[in-house]
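The structure under discussion appears below in the form of structure tokens.
Just so you know, all these numbers are worked out from the coordinates, no wet-lab data involved. Predicted, not measured: the structure shown is a model, and the values here were computed from it. Cβ placement follows ideal geometry from the backbone for every residue including glycine, while neighbour counts extend to all protein chains displayed.
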Amino acid sequence: MPAHMLQEISSSYTTTTTITAPPSDDLQNGGEKVDKTSLYSEDIRPEMKDDIRDPNYEDEEGPVPKLEYVWRNIILMALLHVGALYGITLVPTCKFYTWLWACMYYVVSGLGITAGAHRLWSHRTYKARLPLKIFLIIANTMAFQNDVYEWARDHRAHHKFSETHADPHNSRRGFFFSHVGWLLVRKHPAVKEKGKLLDMSDLKAEKLVMFQRRYYIPGLLLLCFILPTLVPWYFWGETFQHSLYVATFLRYSLVLNATWLVNSAAHLYGYRPYDKNINSRENILVSLGAVGEGFHNYHHSFPYDYSASEYRWHINLTTFFIDCMAALGLAYDRKRVSKAAVLAKIKRTGDGSYKSG
């Protein structure tokens with residue numbers, strides 16, 4: 001990329017909103033403990049509070065409800081992954097353009113989750129103009145991981161009630177459950193109960209998000225399955241078999257598992273330089289696969305930072321994408337945590353693994 005373009009993108013940081021984080025629950029005011037609720041009710045986005053961890057919420061005592069399997073999901077997920085495994089055997093005989101098409105579809109659909117459903121709509125860490133929103137809603141539909149409204153509702157619950165039964169993919173229930181198992185069983189009653197209490201008025205007011213929700217099934221069939229299969233077959237004569245099993249089934253399963261690793265591996269394996277009291281961790285391998293979402297201890301410590309990382313573009317394609325959109329005038333008001341707030345958090349609650357620079 002030309003040097004002047006990099007300089008322009010970098011200089012667009014002057015439009016970010018640098019903020020200090022809400023105080024931690026271990027701060028004191030005049031020697032007295034501050035009420036936890038008042039600490040966590042403060043937020044740099046006055047319109048958004050329901051993705052901030054509620055430190056007062058604890059699981060109710062009693063036995064865990066018996067798992068209710070959703071056999072339709074189990075069968076479909078098994079068939080998808082069998083198809084993906086077969087697709088792996090076909091990769092060496094794919095045409096180059098098919099491989100390139102699958103990689104492009106992977107990245108774009110991934111951005112639909114990371115830059116779209118996650119950082120824009122779940123956390124409101126930046127604002128986007130209509131052309132960018134339309135691109136992200138299309139990319140999100142390509143990813144087929146539930147519509148933006150449902151994805152954001154589950155993700156806000158995950159942040160607010162992290163590592164409890166009200167967390168849809170509670171990592172304390174093990175790797176498999178937090179990775180994919182939560183999609184194969186009925187939701188815990190606490191997920192449904194607390195999810196209904198979340199403020200989702202901002203998304204209900206967005207016509208584009210509600211449009212996607214209304215027409216989600218035909219949209220996902222077209223964008224996640226039909227289009228990626230037909231394009232290689234029609235435009236450069238790829239076999240239908242290769243188009244279906246590589247460009248569609250294998251590509252889709254890879255996007256799914258990369259996203260799921262944020263819920264599983266990034267909550268179980270890695271360092272906690274910002275907050276050792278929460279399960280989310282820094283995992284570089286996850287960040288590689290999930291286009292920048294592996295700096296998870298930072299993200300749960302500062303969910304309102306649009307970069308979801310302290311290190312800007314370092315193994316973070318999503319932040320680079322958002323900054324490019326800002327340089328084009330399509331993204332703006334990017335929220336950024338100040339260095340002083342980050343260092344203060346590290347000093348208070350970090351696990352000692354932090355290395356500056």
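What is the antiparallel percent of DSSP beta bridges lying wholly in the chain, to the nearest 5?
Of the beta bridges lying entirely in the chain, close to 70 percent run antiparallel.
Among 322, 215, 311, whose Cα lies farthest out toward the positive end of the dipole of the chain, if unit charges sit on the beta carbon of Lys, Arg (+1) and Asp, Glu (-1)?
Value computed over the given set: 215.
What shape does the stretch 244-352 take by its C-alpha gyration tensor, where a ≥ b ≥ c are the square roots of the eigenvalues and a/c under 1.5 counts as rounded, a/b above b/c as prolate, and the rest as oblate? Can you show the working numbers first?
On the way: a/c = 3.03, a/b = 1.26, b/c = 2.40.
Oblate.
In debye, nearest 20: dipole of the chain around its Cα centre with unit charges on the Cβ of K, R (+) and D, E (-)?
So the dipole magnitude of the chain works out to roughly 480 debye.
Assuming 0.36 nm per residue, please report the length gained on full extension of the stretch residue 56 to residue 227 beyond their Cα-Cα distance.
Value of the extension gain: 56.9 nm.
Rounded, prolate or oblate for the stretch 40-148? Axes are the square roots of the Cα gyration tensor eigenvalues, ordered a ≥ b ≥ c, and the cut-off for rounded is a/c under 1.5.
Oblate shape, in that a/c is at least 1.5 and b/c is the bigger or equal ratio.
With the calculation restricted to Cα positions, what are the radius of gyration and Dmax of the chain in angstrom?
20.7, 73
Kindly express, to the nearest 10 degrees and within the range 0 to 90, the angle between helix 148-160's C-alpha long axis and the longest C-alpha principal axis of the chain.
30
Suppose every K and R has +1 on its Cβ and every D and E has -1 on its Cβ; what is the size of the dipole of the stretch 45-153 about the Cα centre, in Debye to the nearest 20? Mind dumping the intermediate values first?
Working: 12 positive and 11 negative charges, 162 e Å.
Approximately 780 debye in magnitude.
Which one, 73, 88, 56, projects farthest toward the positive side of the charge dipole computed for the stretch 49-103 from Cβ point charges (K/R +1, D/E -1)?
Sorting the options by dipole projection puts first 88.
Loop only per DSSP, at most 14 neighbouring Cβ atoms within 10 Å: give me the chymotrypsin sites (Phe, Trp or Tyr not before Pro) in the stretch 296-357, ordered by residue number.
Listed in order of number, the matching sites are 311.
I'd like the orientation of helix 130-143 relative to the chain: the angle between its Cα long axis and the longest Cα principal axis, in ° from 0 to 90, rounded to 10.
Orientation of helix 130-143: about 70 degrees from the principal axis.
Considering only Cα-Cα distances, which of the following residue pairs are longer than 25 Å: 133/355; 204/339; 66/196; 196/339; 49/133?
Violating the 25 Å Cα-Cα cut-off are 133/355; 204/339; 196/339.
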